[in-house]
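These notes are about the structure you will find just below.
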Amino acid sequence: MDINVDVKDSKINGCDAAGRANLRIDIQALSAEDIRRNVKNAGVVGAGGAGFPTHVKLSAQAEIVVVNGAECEPLLKTDQQLAAKYAEEVVQGLQLELKATGAKMGIIALKEKYSAAIAALRPYLTETVQLKILPDIYPAGDEVFTIWFTTGRRVPPGGIPLDIGVVVNNLQTLLNIARANKGFPVTTRTFTVTGAVNRPLTVTVPIGTSLQEVLALAGGGRGDDLAYILGGPMMGNLVADFTTPVTKTTGGLIALPQDHPLIQRKQMPLESVLKIARTVCEQCSFCTELCPRHMIGHELAPHRLIRAVNYKAMGDLATLSTALICSECGVCEVYACPVGISPMRVNRALKSELRSQGVKYQGELGREDPMAQYRLIPSSRLMDRLNLRMWYKEAPLAAEPYEPVEVTLKLQQHIGAPALPVVQVGETVHLGQVVGEIPEGALGARVHASLAGVVLKVTPQSITIGKGGAAT
Ligand code: SF4
Ligand code: SF4
């Protein structure tokens, strides 16, 4: 049963979020192939950050599906609120994924403090759809760590979850899988806007809305001397261009004072990072002891990488290539190192150099650290270390999706080839219409109009649509 999401009378027209949530899916009537096709047609990609096309993930055969709702980045409050509000749809998405992958067990991973989400999900639990409560630590939401906590299985270094029979999807991806099978393509994104803003909240906006408008929804920044992080405080990047459009993977928008240590650290040039590493690293190895990947038996040892970079003679390729398995979680940088070095930034630079030379990591899974449970970092302690406590606020889910007058849809919001524009300037498009198609035979994801209107601009990178044809 194929649901064509690119039709003019698509259910997307005239159906609000509550109406959509109440629509039933006859999962029995759908084959695994139907589910994959609907997900592909709807342009679903991994919402957790990487943007891997979900229909490809659903083509794999797995034993366990893990739904990652841990959301361990401090300040972000998206997944817990979505789970509380759309619990039934989350479970529908999981059941569809179980059917598509042939997996026999689905596990939804949440933290204990997400009590509203847990209460909302409980009525839908079955023998094959279970809830796993993770400790409130960072980085519980890193997929390798989430799998370890939920299943006890360890992803090999440089490997993928499927190597150990597991498929992981972010909670918002599950909602999009359910919605794809009800006839709704991915046209909106939900994320938290918080920090030094006047009205912290969790918004749902059409993909392609500018960050400027998103910030206005949160009442604007509190003060003039602010810097902004796109994503979470640990793994997000600074953003200065507020015409930047929201994509399918936008994870959060956080305002902080320019002189906040987190901002200062993110602004530090690589040369300074390397200089500090050269002059003050005392090889205490705290960075390695607290490295989450090291804990579960990956060969990564950041103190050795710092030594290898500082003393080139000690940097053989086998050691240097371990940088490729760094998740860039930032624990070594913001929590472990007592003298302010950033092994994470050094690893990132090494990664880019090694990748440009085509170097691949080759190594084995080692022994799990028997002290791992004593080395886990409580989220509250991390928040204090990051000096973020004063910015930890409620960020309630906004009741209605925002309607902009113009959207700019990036044609690459995913891993793989950019989508190809299939509309022209001046063309009228309806909400949910395909405007970017997957190139023949390529890995990619479709892009859909997130606004009904007229196409104002088409480039190989993006498509701009104005509501009712009005340029702003
Ligand atoms: S924690 Fe800092 S000082 Fe210690 S080994 Fe790592 S980078 Fe060097
Ligand atoms: S960022 Fe640091 S702590 Fe995190 S995985 Fe990489 S080396 Fe380990």
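The values are calculated or read from the model by the stated rules, or taken from the named source; none is laboratory data. The structure displayed is predicted, hence computed values, not measured ones. Please note: Cβ atoms are built from the backbone with ideal geometry, for glycine as well, and neighbour counts cover all protein chains shown. These accessible areas exclude ligands, DNA and RNA; they are computed on the full protein's heavy atoms, side chains included. Shrake-Rupley method; radii C 1.70, N 1.55, O 1.52, S 1.80 Å.
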First in region 113-124 and in a helix (DSSP H, G or I), second anywhere and modelled with pLDDT under 95 and open to solvent by 80 Å² or more (accessible area, probe 1.4 Å), Cβ under 9 Å, 6 or more apart: ILE118/GLU112
Residue in region 67-83 that is touching a Ser or Thr at 6+ places or on another chain (Cβ under 9 Å), open to solvent by less than 10 Å² (accessible area, probe 1.4 Å), outside any loop (DSSP other than H, G, I, E, B) and under 18 Å from LEU162 (Cα atoms) present: yes
Restricting region 285-314 to residues that are more than 25 Å from LEU382 (Cα to Cα) and more than 15 Å from ligand 1 (Cβ to nearest atom), the residue that is most open to solvent (accessible area, probe 1.4 Å): LYS312
Single residue of region 271-286 satisfying the filter (in contact (Cβ under 8 Å) with a residue 60 or more places away in the chain and either away from ligand 2 (no atom under 15 Å from the Cβ) or of a type in the set (Lys, Arg) (or both)) that is farthest from MET235 (Cα to Cα): VAL280
Yes/no for ALA399 being more than 17 Å from HIS303 (Cβ to Cβ), modelled with pLDDT of 95 or more and away from ligand 2 (no atom under 15 Å from the Cβ): no
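Evaluate the following for ALA399: is it open to solvent by less than 40 Å² (accessible area, probe 1.4 Å), aliphatic (A, V, I, L, M), outside the structural domain of VAL203 (by TED's automatic domain parsing) and not in a strand (DSSP E or B)? If you could, list the steps in order and put the result at the bottom.
On the way: open to solvent by less than 40 Å² (accessible area, probe 1.4 Å): no; aliphatic (A, V, I, L, M): yes; outside the structural domain of VAL203 (by TED's automatic domain parsing): yes; not in a strand (DSSP E or B): yes.
No.
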Region 139-164 residues that are on the phi > 0 side of the Ramachandran plot, paired with ones that are open to solvent by 20 Å² or more (accessible area, probe 1.4 Å) (beta carbon under 9 Å, 6 or more apart): GLY158/LEU324; GLY158/LYS360; GLY158/TYR361; GLY158/GLN362; GLY158/GLY363
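Quick check: anything in region 331-346 more than 14 Å from ligand 1 (Cβ to nearest atom), farther than 20 Å from GLY141 by Cα and either open to solvent by 40 Å² or more (accessible area, probe 1.4 Å) or of a type in the set (D, E, K, R) (or both)?
No, region 331-346 has no match at all.
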Which numbered condition LEU354 fails, given (1) more than 10 Å from ligand 2 (Cβ to nearest atom); (2) open to solvent by 20 Å² or more (accessible area, probe 1.4 Å): (2)
Unmet requirement for ALA349, which otherwise passes all of (1) within 13 Å of ligand 2 (Cβ to nearest atom); (2) under 30 Å from ARG153 (Cβ atoms); (3) of a type outside the set (Lys, Arg); (4) open to solvent by 30 Å² or more (accessible area, probe 1.4 Å): (2)
